[in-house]
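The values are calculated or read from the model by the stated rules, or taken from the named source; none is laboratory data. From a predicted model like this one, the values you see are computed outputs, not experimental measurements. Quick reminder, even Gly has a Cβ in these numbers, built from the backbone with ideal geometry, and neighbours come from all protein chains shown.
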Amino acid sequence: MRNELTNAELLVMKCIWDNSKDLVLSEVVAIVNERYGKEWKPQTVSTYLAHLVQKRFLQMERNGKIYTYHPLVKELDYRTKEMNSFVEFWGCGSPSEFLKAFFKSNDIDKNELDEIRKLIDSAK
């Protein structure tokens, strides 16, 4: 896949992925500031958007004086890549090793365990 995202770029991408329509700068600024408690100025968000366009995560389209931003990378594709990288980096090696490590360090309630069992059963 493409370049890694910084934490700030990831926040901007998440705002875009969570919307079904292409967004303009002012919408991205409003969403990221409200959702993540930021006080970013339009110039700051514009810089992150430009980086995301350069990294080919977004496409920028001009409509008169307004620019809209459209995701080129699907959230699920990025999330899958990141999860695989995480497992590889931490040396878990396999999904079962990852789950063993996860279960050792987290309290999981019965409802979550039931959901995990359903996922495993559906993977067969």
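Against the condition within 26 Å of Arg117 (Cβ to Cβ) and either surrounded by 12 or more Cβ atoms within 10 Å (Cβ to Cβ) or under 15 Å from the mean Cα position of the chain (by Cα) (or both), how does Leu72 come out, does it pass? Don't jump to the end; show me each part of the working.
Values: within 26 Å of Arg117 (Cβ to Cβ): no; either surrounded by 12 or more Cβ atoms within 10 Å (Cβ to Cβ) or under 15 Å from the mean Cα position of the chain (by Cα) (or both): yes.
So Leu72 fails the test.
Going through Glu115, Glu75, Glu82, Glu88 one at a time, which residue ends up being closer than 19 Å to Leu23 by Cα and among the acidic types (Asp, Glu)? Spell out how you get there, then give the answer.
Values: Glu115 fails: closer than 19 Å to Leu23 by Cα; Glu82 fails: closer than 19 Å to Leu23 by Cα; Glu88 fails: closer than 19 Å to Leu23 by Cα.
Answer to the check: Glu75.
Return yes or no: is Leu52 of a type outside the set (Ser, Thr, Tyr) and in contact (Cβ under 8 Å) with a residue 40 or more places away in the chain?
On the way: of a type outside the set (Ser, Thr, Tyr): yes; in contact (Cβ under 8 Å) with a residue 40 or more places away in the chain: yes.
Taking the combined requirement at face value, the residue satisfies it.
Out of everything in the range 43-85 that is among the aliphatic types (A, V, I, L, M) and in a strand (DSSP E or B), what residue ends up being farthest from Leu25 (Cα to Cα)? Quick ask: steps written out before the conclusion?
So the first thing to find is which residues in the range 43-85 are among the aliphatic types (A, V, I, L, M), and the list is 45, 49-50, 52-53, 58, 60, 66, 72-73, 76, 83.
Next cut, in a strand (DSSP E or B) only: 58, 60, 66.
Values: Leu58: 13, Met60: 11, Ile66: 8 Å.
For the range 43-85, the residue satisfying everything is Leu58.
Just need a number here: residues in the range 28-39 that are out of contact with any helix residue (DSSP H, G or I) (no Cβ under 6 Å at 6 or more places or on another chain) and surrounded by 12 or more Cβ atoms within 10 Å (Cβ to Cβ).
Of the residues in that region, 3 qualify.
Before we move on, is Val32 in contact (Cβ under 8 Å) with a residue 12 or more places away in the chain and closer than 18 Å to Thr6 by Cβ?
Details: in contact (Cβ under 8 Å) with a residue 12 or more places away in the chain: yes; closer than 18 Å to Thr6 by Cβ: yes.
Spelling it out, Val32 is indeed in contact (Cβ under 8 Å) with a residue 12 or more places away in the chain and closer than 18 Å to Thr6 by Cβ.
Considering only the range 48-63, state which residues are surrounded by 14 or more Cβ atoms within 10 Å (Cβ to Cβ), farther than 18 Å from Asn19 by Cα and either among the β-branched types (Val, Ile, Thr) or at pLDDT below 95 (or both).
None; the set is empty.
Every residue in the range 1-27 that is surrounded by 17 or more Cβ atoms within 10 Å (Cβ to Cβ), assigned to a loop (DSSP other than H, G, I, E, B) and out of contact with any Ser or Thr (no Cβ under 8 Å at 6 or more places or on another chain), please.
Within the range 1-27, Leu5 is the sole residue that qualifies.
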